[in-house]
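> Quick one: structure below, then a few questions.
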Amino acid sequence: MPFSFFRNHSQQQIEDLLLAHADALADGSVDLDTLLEQYTTLTASQVEGLLLLAERISSVLTEVKPSDTFVSQLRYELSHAGLPEDLGFWMRLRHLSPRTQLAAASIGGATLAGVVLIASRPLWEMVGIRRNRRTAIA
Amino acid sequence: MSEPANQAQHDYMEAEDAQLVEWAKNDTEAFGELYTRYVQKIYNYVYYRTGNHHDAEDLTSRVFYRALGHIGNYTDRGVPFSAWLYRIAHNLVANWHRDRGRKKVVPLEDHIISGLPFDAPEAITETQEERERLLASIRELPEDRQQLLLLKFVERLSNAEIGAIMDRTEGAIKSLYHRTLLSLRTILQQQEDESQPEKRRKRFGL
C-alpha cells in the first residue's frame, strides 16, 4: 500500500481522537485511557501535546454569566419594542452600528446643507440685485 | 402587538424552537421565550469575542433586536434557530472588530472571578500568567478558529450544530479543530521563544 494511505489514515485517526477528546472535555467526562484504546495505531507522542493543549483551552474557556439586571432589562425592552412592523424608526436607528449611524448622519447633513444652499440662492440673488440697483442709482 | 387569545393557548416553555419562531412572528411572548433560552449563550459567545462585559451587553442586545426585526422573514431551512442567532452574533462581532480596527484582550481579572471552574484541577495548577497568555493566543487565531473553540468549549455544542452554524460539514469541523490546535501550539511556542531572552534578562538583572 502506498505511504500516503498510511499517512492519511493516521491523520484521520488523529482528527477523530482529538474531536472525541474535545467532546469529552465539553461534557466533563474525560477518560483518556478508554479513549486512547480506541485508537491503537496512534502513539502517545503523536497526540500528547495536543491533548494537553485542549485540556488547557477547556479550563480557560469557561461559561460566563450576564448580569441579571441586564438580562431582565433587555427582556423588558424587547417585549416593549413590539413586533418587527412596530419597531419604530429611532429604535431601529439606535441599534445600527456606529459606522452606519455616522454614514447616515453624514448623508443627512450633506442633504440638509444642499437644500439650505439651494433655498438661500434666490435670497442672495435678490440682495445682489438690490446692491446693483443702489450702485447704479449712485 | 401580541394577541392575548393566542397566547393563552400556547405553552411556550414546552414548545420547540421551530414552533416558537412561528408564533414569534406575531407574538412577543414567544420571542421572549426564545430570548430566555439563548441570551446566555449569545452573551458568552460575544463576551469571548469582544473581551469585555460592556461591549458584550451592547452587542447581545443588538443581536436580539436584529433577530426581532427579522424574525418575520425567517424561514426554516432545517438549520436550528440557534444557528441563525449565532450567525447574527458572528456578523455583528465582525463589524464591531472592523469598526474598532483592533482586537482587545479579555480582561483576565473579570474572567477569572466569573468563570473559574473550581472543580477542574488544571485551573488550579495553571498560573494567571499562563491563562492570560493562552487567552491572548486564542484571540490571535483567525476568526473561524476562535469561533470553533468557543462553540465547542464554551457553548458545548455538538459537531453537527457547529457545522450548521459555520456552514461546514462535520468532517470539515474535525479537520479545522486539528489545524486550530496546531496553529495555537505554534503561536504559544513563538511567544515562549520570544519571552525567553526577556526572562533571562530579568533573571540576571539586565
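> Could you grab me the full set of residues in the range B:148-167 that are free of Cβ contacts under 8 Å to residues at least 60 places away in the same chain and in a helix (DSSP H, G or I)?
B:L148, B:L149, B:K152, B:F153, B:N159, B:A160, B:I162, B:G163, B:M166
> A further question on this structure: Looking only at the range B:42-60, filter to residues that are among the polar types (S, T, N, Q) and touching a Leu at 6+ places or on another chain (Cβ under 9 Å); which one of those is surrounded by the most Cβ atoms within 10 Å (Cβ to Cβ)?
Filtering the range B:42-60 for residues that are among the polar types (S, T, N, Q) and touching a Leu at 6+ places or on another chain (Cβ under 9 Å), the one surrounded by the most Cβ atoms within 10 Å (Cβ to Cβ) comes out as B:T60.
> Okay, moving on. Could you check the range A:57-71 and list, in sequence order, the residues that are within 21 Å of B:L135 (Cβ to Cβ), of a type in the set (A, V, I, L, M, F, W, C) and either under 20 Å from the mean Cα position of the chain (by Cα) or more than 7 Å from chain B (Cβ to nearest Cβ) (or both)?
Once the filter is applied, which keeps residues that are within 21 Å of B:L135 (Cβ to Cβ), of a type in the set (A, V, I, L, M, F, W, C) and either under 20 Å from the mean Cα position of the chain (by Cα) or more than 7 Å from chain B (Cβ to nearest Cβ) (or both), the range A:57-71 yields A:L61, A:V64.
> Okay, moving on. Here is a list of conditions, (1) in the same structural domain as B:Q146 (by TED's automatic domain parsing); (2) modelled with pLDDT of 90 or more; (3) small (G, A, S), and B:S114 meets all of them except one; can you say which number that is?
(2)
> In the range B:35-53, what count of residues is obtained for those that are at the interface with chain A (Cβ under 10 Å from one of its Cβ atoms) and over 18 Å from B:A136 (Cα atoms)?
Count: 7.
> Given the structure, is A:L42 more than 30 Å from B:Y65 (Cα to Cα) and open to solvent by 50 Å² or more (accessible area, probe 1.4 Å)?
No: the conditions fail for A:L42.
> While we're here: Among the residues of the range B:168-192, write down those that are surrounded by fewer than 13 Cβ atoms within 10 Å (Cβ to Cβ) and not in a helix (DSSP H, G or I).
B:T169
> Looking at B:R37, B:R87 in this structure, which one is open to solvent by 10 Å² or more (accessible area, probe 1.4 Å) and modelled with pLDDT of 95 or more?
The unique qualifying residue is B:R37.
> Against the definition (open to solvent by less than 100 Å² (accessible area, probe 1.4 Å), under 30 Å from A:L19 (Cβ atoms) and either modelled with pLDDT under 85 or not in a helix (DSSP H, G or I) (or both)), how does A:V64 come out, yes or no?
yes
> To continue, here is another question. Take A:V47 and tell me if it is over 29 Å from the mean Cα position of the chain (by Cα) and either at pLDDT below 90 or surrounded by 11 or more Cβ atoms within 10 Å (Cβ to Cβ) (or both).
When the stated conditions are applied, A:V47 passes them.
The values are calculated or read from the model by the stated rules, or taken from the named source; none is laboratory data. Just so you know, these numbers come straight off a predicted model, no measurement behind them. For neighbour counting, all protein chains shown are included, and Cβ atoms are generated from backbone atoms with ideal geometry for every residue, glycine included. Ligands, DNA and RNA are stripped out before the accessible areas are found, and what is left, the full protein with its side chains, is counted by its heavy atoms. Shrake-Rupley method; radii C 1.70, N 1.55, O 1.52, S 1.80 Å.
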